[in-house]
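Let me begin by presenting the structure, written as structure tokens, before commenting on it.
The values are calculated or read from the model by the stated rules, or taken from the named source; none is laboratory data. Please read all numbers here as calculations on a predicted model, not as lab measurements. Don't worry about glycine lacking a Cβ; one is built from the backbone with ideal geometry, like all the others, and counts go over all protein chains shown. Accessible surface areas use protein heavy atoms only, side chains included; no ligands, DNA or RNA. Shrake-Rupley method; radii C 1.70, N 1.55, O 1.52, S 1.80 Å.
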Amino acid sequence: MTDLETPRLLLRLLSASDALHVMAGKPGDGARWAPGYPSPGEMAAAERFLGACATTGDPSPFGSYEICRREDGVVIGGLGFHGAPDENGHVTIGYGLVPSAQGMGYASEALRALLLFARDQGVSCVHGDTDLDNLASQHVMTAVGMRLVKEDAQLKHYRIDWRQRAEER
């Protein structure tokens, strides 16, 4: 298991058992969830993770992570990869926080740690998207160094590309 730590957070890699609890909306023994966790997005991520486990094997460490506050161990959201890197070293990420944890810098802190981890694992490019009206998420992706690369009728698409930056030097 590859857990990631930041000054205020523990990003805990989900196991298949954890994912089943998230999908059921019921914490496992000893788990402490903030009100509003899991959101439909976390439930979908858990389902995607279990689907990957069933078809191609456990994608860890490119799976889903619970965002836990280090001070009290409470799960306040989730983030992770939509799967292992593709043949070009690209991955897609997603994240979300319960409403009571929003606006405190937790999303930027967690996403920054996940991006550093991805880069350290040899990932060359990370993609993410957000709804057109989700200004907070747009701000988070920009704050961690991702840039807007495309906009369609529903989403704004962001990415960070380390290979390109290295080639530009």
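For the reader, a short list of remarks on this structure follows.
- With contacts taken as Cα pairs under 8 Å at a separation of at least 6 residues, the range 90-148 carries a relative contact order of 46 percent.
- GluC sites (Glu not before Pro) restricted to the range 64-169 and DSSP loop, no more than 11 other C-beta within 10 Å: 71, 87
- Listed residue (33, 46, 14) projecting farthest to the positive dipole end of the range 1-78, Cβ model: 33
- Taken over the range 1-94, the ratio of Cα radius of gyration to 2.2 N^0.38 Å equals 1.04.
- Global form of the range 1-158, assessed from the alpha-carbon gyration tensor, a/c cut-off 1.5: rounded
- Here the range 21-146 is assigned +1 on the Cβ of each Lys and Arg and -1 on the Cβ of each Asp and Glu. Its dipole about the Cα centre then comes out at about 220 debye.
- Restricting the range 63-154 to trypsin sites (Lys or Arg not before Pro) in coil, as DSSP defines it, with at most 14 other Cβ within 10 Å: 70
- For the chain, with +1 on Lys and Arg beta carbons and -1 on Asp and Glu, the positive-most of 143, 155, 101 along the dipole: 143
- Cα gyration tensor shape for the range 65-169, rounded if a/c is under 1.5, else prolate or oblate: oblate
- Accessible surface of the range 1-147 [probe 1.4 Å, protein heavy atoms]: carbon and sulfur percent: 52
- Fraction of antiparallel bridges per DSSP, the range 33-169 only, in percent to nearest 5: 85
- The range 5-52 gives an Rg/Rh value of 0.97, both radii derived from C-alpha positions and Rh following Kirkwood.
- Kyte-Doolittle mean at least 1.0, axial Cα span of 30 Å or more - DSSP H helices of the chain: none
- Å² of accessible area per residue within the range 95-169, as computed with a 1.4 Å probe and no ligands counted: 56
- Among 30, 80, 57, the largest mean-square fluctuation in a Gaussian network model of the chain (Cα springs under 10 Å) belongs to 30.
- In the elastic network of the chain, a GNM with C-alpha springs shorter than 10 Å, the most mobile of 58, 133, 29 is 29.
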